[in-house]
1. Is one or more of the residues making up region 74-81 aliphatic (A, V, I, L, M) and not in a helix (DSSP H, G or I)?
2. Give the residues of region 163-187 that are out of contact with any Ser or Thr (no Cβ under 9 Å at 6 or more places or on another chain), open to solvent by 10 Å² or more (accessible area, probe 1.4 Å) and without any contact (Cβ under 8 Å) to a residue 60 or more places away in the chain, sorted by residue number.
3. Are any residues in region 193-212 surrounded by 15 or more Cβ atoms within 10 Å (Cβ to Cβ) and in contact with an Asp or Glu (Cβ under 8 Å, 6 or more places away or on another chain), and if so, which ones?
4. Considering only residues of region 106-128 that are surrounded by fewer than 17 Cβ atoms within 10 Å (Cβ to Cβ) and more than 15 Å from residue 150 (Cβ to Cβ), which is nearest to the chain's Cα centre (by Cα)?
5. Hey, can you tell me all the residues within region 151-202 that are of a type in the set (A, V, I, L, M, F, W, C) and more than 23 Å from residue 220 (Cβ to Cβ)?
6. Among the residues of region 141-162, count how many are in contact with a Ser or Thr (Cβ under 6 Å, 6 or more places away or on another chain) and among the acidic types (Asp, Glu).
7. Please go through region 57-75 and give me each residue that is surrounded by 18 or more Cβ atoms within 10 Å (Cβ to Cβ), among the polar types (S, T, N, Q) and touching a Phe, Trp or Tyr at 6+ places or on another chain (Cβ under 9 Å), ordered by number.
8. Name, by its number, the condition in (1) open to solvent by 20 Å² or more (accessible area, probe 1.4 Å); (2) of a type in the set (D, E, K, R); (3) within 20 Å of the chain's Cα centre (by Cα) that does not hold for residue 229.
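The values are calculated or read from the model by the stated rules, or taken from the named source; none is laboratory data. In this text the structure is predicted, and so the values were computed from the model without any measurement. For neighbour counting, all protein chains shown are included, and Cβ atoms are generated from backbone atoms with ideal geometry for every residue, glycine included. Quick note on the areas: whole protein, heavy atoms, side chains included, nothing else; ligands and nucleic acids left out. Shrake-Rupley method; radii C 1.70, N 1.55, O 1.52, S 1.80 Å.
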Amino acid sequence: STIDEDALASRDKTVQPIRNAVRALTTLAYASSDDLGTTIARAECVLHNADRWAKAKSLTEMRTTDAYLSRDRWIAEIALAVRIAGTHVEISPERKALYADWFGVVAKDTIEAYSLRLGPKSRTNNHRYWAGLSVAAIGFLLNEAEFKTWGKMSFEIGACQVDGFGLLPTELARGEKALDYHVYALRPLAAIMKLAEDAGEPVQSKCLDGFQRLASRTRQALQDPADFEKLAGLRQTTTNQENSYSAALKLEALPIYQ
């Protein structure tokens, strides 16, 4: 919850080119057009760029904890964009094999990292939910049961931690950023749920009521943080920026208003 501005600037300089590349890919993937030819051309461009990432084995050599935690969202965004593009352009067997090789390596490495390398906090807080979304997105793209299951387990880990007030204890500990982190944690959980529902394989969880409490509490707090601040014990400094997410991950596109 406390930012080291110098470290943040150094980190941003390193990762901004990756963010820019992912943003370009997702913007293209979700751009709307009434012209079928334009839609197909954009989808083909998305896949062409994904081919380049896959052939280069991008993001497969993570050297720090922060690298692993950052990769999860990027991979989730890329896999979701490729999946959308695949609804407009048939993904050839050659491309399927290429994506299976690259995405499969990333998914297995992510599962291993959260099982063996990363600490106990990352295994239960928003880090795990974003990892779950990245692996689930790969699972539904490749139709790999192991990855789908791990992604749904990540949803379960999050939803089952929600307390009676609709709060996540691990994110409540973020001080004045607790609300921001609740929004950040809710987003991948909701995205996993939507991804599974859209694929006809809805999440079967004993803690769906926990997810609904979290969604309701977070939704209310974004409108009026007063009650949330009473529970958190601190005034919140909210910086939620929807424009930093692709269309698939904006709150308005996710099942949090049911």
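1. Here is the first cut: in region 74-81, the ones aliphatic (A, V, I, L, M) are 75-76, 78-81.
Those left that are additionally not in a helix (DSSP H, G or I): none.
Within region 74-81, none of the residues are aliphatic (A, V, I, L, M) and not in a helix (DSSP H, G or I).
2. 163, 164, 169, 184
3. Passing the criteria: 203, 205, 207.
4. 121
5. Here is the first cut: in region 151-202, the residues of a type in the set (A, V, I, L, M, F, W, C) are 153, 155, 157, 159-160, 162, 165, 167-168, 172-173, 178-179, 183, 185-186, 189-193, 195-196, 199.
Listed by number, the residues that qualify are 153, 157, 195, 196, 199.
6. Qualifying residue count for the region: 1.
7. 58
8. (3)
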